[in-house]
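Visitor: Take this structure, written in structure tokens, and hold onto it; I'll ask about it next.
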Amino acid sequence: MTATGVPLADLLSTVSHSSVTGPLDITVTGCTCDSREVRPGDIFVALSGFNTDGRLYVDEAVRRGASAVLAHGEALDEVPAGVTWIVSPRAREAFSALASAVYRTRSTPVKTIGVTGTNGKTTVAYLLRSIFREAGGAGLLGTIEYDDGEGLKAATRTTPEAHHIHRWLRTLEDRGLATGIMEVSSHSIVLARVRDVTFDVAAFTNLTRDHLDFHHTMEAYYQAKRGLFDLLSKKGTAVVNLDDPYGARLATELKKKTILGIASRSKADVRPTACTMDLDGIKAEVATPFGPLEIRSRLTGHFNLLNILVASAAALACGATPEQVHDGIAGMEGVPGRMERVDAGQPFAILVDFAHTDDALRNLLQTLRELKPERIITVFGCGGDRDSSKRPLMGAVVTRLSDVIVLTSDNPRTENPAAIVKDVEAGIRPELGPQKRYHCDLDRREAIKKALSLAKAGDVVVVAGKGHERVQIIGTEHRPFHDPTVLRELLSEMTWP
């Protein structure tokens, strides 16, 4: 992307601010809230974060070439000579508007699809990218990776900061890609990262208990997700999962929006008229307002059927043909860390999945239970420094739906792993019975090794919680750890008759 530069005076006319000190006759070529990313000509946005104050990093930003600073308050120290200081009490909203103006995305022709919900966002986003690859190409911002059409970059968070979003949109337009697909987290909506993105389609997958450490109540969590639909263009379409209670509620509240409802068990705009599924995938015939749609997918399970319906409806609403939808879904082999199979010739199945809420675990394990394996052996843990109220719920669900339970560490972060285990065991213990086997090992590698040693022909081993992640966060240290890789290493040491 080539930055052409925007006069600061033009930017100030569109960005809310309370005061400006310093020269105005400068040209801005970029913006960032990370002092390490600053390039000459950038505005450094000094946000107030959860753990630090961006104003502490102004000196570094100026050394790297920042000619202006936008902050939520006055400078902590003397402002270097020649540097313009802009005060905006609502700095996050101002940052979003600034990024949109600097990267000229307010009237972008790129059609933008936002996907929100507790579970399924990543799968829906990958399905959409696969579909729009059949229709000329698309970019992706999501939990696993960022794709701007020039290359892939490992994601640092589900929805990045505003300058990354608008720089991505500018790159898509410059490269002639017609569609941009974003996973939109509830955090990003509350923190105004997507505030100045106009969405052509907004999709809602579901809402279940998660992130209450941030939102505190389910109602606040719902309202955050609902905020995505306020960002729809006037001619935009809301795609809503009506099988989900919160989705059904959302559909009643979007009175002035065009809505495409999807459902698997009731009448909806997009719904299956016939469906079969097994461990090899899903086959379905789907009724849509755009004509009948045939689905063939390597994904499996009822929750993935819903993900496919959401992706299909969103793609059709954004201009894809039924044929492109069919081909894109059929051509997608899978999503890293989402029911990802690990096969080294062992006589039992192994699946790695990102499921890290009680609802996601329930969906996953119920799907496997319906396929009638000999036993389900589940390895899982709960993350530290995150919503602790879901821990006993996760423990209860896993114990109820598994035959062998192996509790271990996920990403304990700065919490004591033993304390996390105690919270989870409050849900496990009441569900244990003579037919259940329970093991606990805080060393994740050893816990996975234990599960493999217990597995027999016809069993399914599930390693849940981390999915695609390539590190384990212990304290503040990020240690290399990738469940599929660890599984392959351990399997290479084993033999079978």
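Visitor: Looking at the stretch 435-474, which of its residues are of a type in the set (S, T, N, Q) and more than 23 Å from Asn119 (Cβ to Cβ)?
Guide: Those that are of a type in the set (S, T, N, Q) and more than 23 Å from Asn119 (Cβ to Cβ): Gln435, Ser453.
Visitor: Let me ask something else. Which of the strands (runs of 3 or more DSSP E) found entirely inside the stretch 268-369 contain at least 3 residues meeting this: among the small types (Gly, Ala, Ser)?
Guide: 281-287
Visitor: Would you mind stating whether Thr273 is β-branched (Val, Ile, Thr), at pLDDT 95 or above and under 22 Å from Gly114 (Cβ atoms)?
Guide: When the stated conditions are applied, Thr273 does not pass them.
Visitor: A further question on this structure: Being outside any loop (DSSP other than H, G, I, E, B), among the aliphatic types (A, V, I, L, M) and touching a Phe, Trp or Tyr at 6+ places or on another chain (Cβ under 7 Å) narrows it down to one residue among Val45, Val20, Val62; which is it?
Guide: One residue alone meets the criteria, Val45.
Visitor: Grab the strands (runs of 3 or more DSSP E) fully contained in the stretch 77-168, keeping just those with 1 or more residues being in contact (Cβ under 8 Å) with a residue 24 or more places away in the chain and more than 18 Å from the chain's Cα centre (by Cα).
Guide: Fully inside the stretch 77-168 and qualifying: 84-87, 111-116.
Visitor: Those residues that are closer than 19 Å to Leu140 by Cβ, charged (D, E, K, R) and under 23 Å from the mean Cα position of the chain (by Cα), I need them from the stretch 320-356; list them, please.
Guide: Those that are closer than 19 Å to Leu140 by Cβ, charged (D, E, K, R) and under 23 Å from the mean Cα position of the chain (by Cα): Glu333, Arg338, Glu340.
Visitor: Going through the stretch 121-146 one residue at a time, which ones are at pLDDT 95 or above and closer than 15 Å to Lys111 by Cα?
Guide: Those that are at pLDDT 95 or above and closer than 15 Å to Lys111 by Cα: Ala125, Leu128, Arg129, Ile131, Phe132, Ala138, Gly139, Leu140, Leu141.
Visitor: Would you be able to say whether some residue in the stretch 432-451 is within 17 Å of Asp359 (Cα to Cα), in contact (Cβ under 8 Å) with a residue 12 or more places away in the chain and out of contact with any Pro (no Cβ under 7 Å at 6 or more places or on another chain)?
Guide: no
Visitor: I need the full set of residues from the stretch 275-288 which are free of Cβ contacts under 8 Å to residues at least 24 places away in the same chain and either surrounded by fewer than 11 Cβ atoms within 10 Å (Cβ to Cβ) or out of contact with any Asp or Glu (no Cβ under 8 Å at 6 or more places or on another chain) (or both), in order please.
Guide: Thr276, Asp280, Gly281, Lys283, Ala287
Visitor: Looking only at the stretch 431-458, count how many residues are surrounded by fewer than 12 Cβ atoms within 10 Å (Cβ to Cβ) and either part of a helix (DSSP H, G or I) or touching a His at 6+ places or on another chain (Cβ under 9 Å) (or both).
Guide: 1
Visitor: On to the next question. Just for the stretch 180-222: of the residues that are under 18 Å from the mean Cα position of the chain (by Cα) and among the polar types (S, T, N, Q), which one is farthest from Pro109 (Cα to Cα)?
Guide: Top of the filtered list is Thr208.
The values are calculated or read from the model by the stated rules, or taken from the named source; none is laboratory data. The model shown is predicted, which means the values in this text are computed figures rather than measured ones. Backbone-built Cβ (ideal geometry, glycine too); neighbour counts: all protein chains shown.
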